[in-house]
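Chemist: A single structure is presented below for examination.
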Amino acid sequence: MGAPFPSARPVSALSEHKTKKTNLLTKRDRLIIAGRILAGVGGGYLCASLLAIASARLLPLARLDATIISTLMGLICWPIMVMVCFAARTAVRAWGMVLCVAICLASAAILGGWRP
């Protein structure tokens, strides 16, 4: 009949393949990962802060209630932005999404009366 899988290799070929060092990251890969980490952590913090500011200014609640709710919304926003940055196809798209969200939130905060 034949092998169950047409591309099946003998065990010796698999063991030789495992001895090669193919999992080393290049300098370019490390820079891409560092860019995503920076976009996720730094940009996520920026977006979370701007969301807290904008929602505190725009929520029609008492000042204390709006502050607490907006802070909790910011704490939810930060890990979501980190996940979005690592789910993006490229690091440039991750930065683009972070900047778009930050610009939208900053403009909403400024229109709500926030003065930086």
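Every number in this text was worked out from the coordinates using simple rules, so none of it is lab data. Values in this document were obtained by computation on a predicted structure and should not be read as measured data.
Chemist: Between Ile68 and Val92, what length in nm is gained on full extension when 0.36 nm per residue of separation is reduced by their alpha carbon distance? Could you put the intermediate results ahead of the total?
Modeler: Numbers: separation 24, 0.36 × 24 = 8.64 nm, distance 3.34 nm.
Stretched out fully, the Ile68 to Val92 stretch lengthens by 5.3 nm.
Chemist: Please give the length that would be gained between Ile76 and Cys100 if that part of the chain were fully extended, namely 0.36 nm times their separation in residues minus their C-alpha to C-alpha distance (nm, one decimal). Present the calculation step by step, with values, prior to reporting the outcome.
Modeler: On the way: separation 24, 0.36 × 24 = 8.64 nm, distance 1.82 nm.
So the extension gain works out to 6.8 nm.
Chemist: Right, here's the next one. With a/c under 1.5 counting as rounded, go ahead and sort region 66-107 into rounded, prolate or oblate using the C-alpha gyration tensor (a ≥ b ≥ c being the square roots of the eigenvalues; past the cut-off, prolate if a/b is larger than b/c, else oblate). Provide the component values of the computation, followed by the final result.
Modeler: Working: a/c = 5.50, a/b = 1.73, b/c = 3.18.
Oblate, because a/c is 1.5 or more while a/b does not exceed b/c.
Chemist: With the calculation restricted to Cα positions, what are the radius of gyration and Dmax of region 42-116 in angstrom?
Modeler: Expressed in Å, the Cα Rg and Dmax of region 42-116 come to 12.8, 42.
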